[in-house]
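Trainee: Here you go, one structure.
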């Protein structure tokens with residue numbers, strides 16, 4: 001993460017003031033958006049694999065779950081990246097409470113993607 005390697009003096013004021021929260025926000029964004037991040041791996045190895053193993057009904061169920069996960073991820077991620085880009089490129093201060101709420105939502109999403117066999121029951 002870029003926030004981990006930059007010195008505080010190198011950060012614009014909007015990033016420096018909230019550097020810990022921005023680092024958490026960027027980390028959570030990566031966890032839910034990186035193809036090899038926790039969400040991508042759980043979805044691919046869990047849901048996609050189980051969908052291919054089951055019946056047509058099971059496939060439809062898992063396809064629906066993947067679509068729900070993707071919609072949640074897209075909603076959270078869009079808000080995160082907007083906040084990060086506005087802070088970095090526009091020098092806008094972040095709303096600390098909103099940033100923390102987005103991190104919590106990302107963590108909730110990761111927590112909701114559990115063992116697909118258990119969720120199908």
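The values are calculated or read from the model by the stated rules, or taken from the named source; none is laboratory data. The structure presented is a predicted model; accordingly, all values stated were derived computationally and were not measured. Cβ placement follows ideal geometry from the backbone for every residue including glycine, while neighbour counts extend to all protein chains displayed.
Trainee: State which residue is modelled with the highest pLDDT when the search covers only the range 43-67 and only residues that are loosely packed, with under 13 Cβ neighbours inside 10 Å and under 21 Å from residue 105 (Cα atoms).
Mentor: Here the residue is 67.
Trainee: Please tell me if residue 24 is assigned to a helix (DSSP H, G or I), at negative phi and touching a residue at least 60 places away in the same chain (Cβ under 8 Å).
Mentor: Values: assigned to a helix (DSSP H, G or I): yes; at negative phi: yes; touching a residue at least 60 places away in the same chain (Cβ under 8 Å): yes.
Here the answer is yes, as residue 24 does meet what is asked.
Trainee: If you don't mind, there's one more thing I want to ask. Checking residue 112 against (1) buried (at least 17 other Cβ atoms within 10 Å of the Cβ); (2) more than 16 Å from residue 19 (Cα to Cα), only one condition comes out false. Which one?
Mentor: (1)
Trainee: If residue 11 satisfies every condition in (1) modelled with pLDDT of 80 or more; (2) surrounded by 12 or more Cβ atoms within 10 Å (Cβ to Cβ) but one, which is the exception?
Mentor: With respect to (1) modelled with pLDDT of 80 or more; (2) surrounded by 12 or more Cβ atoms within 10 Å (Cβ to Cβ), residue 11 is out only on (1).
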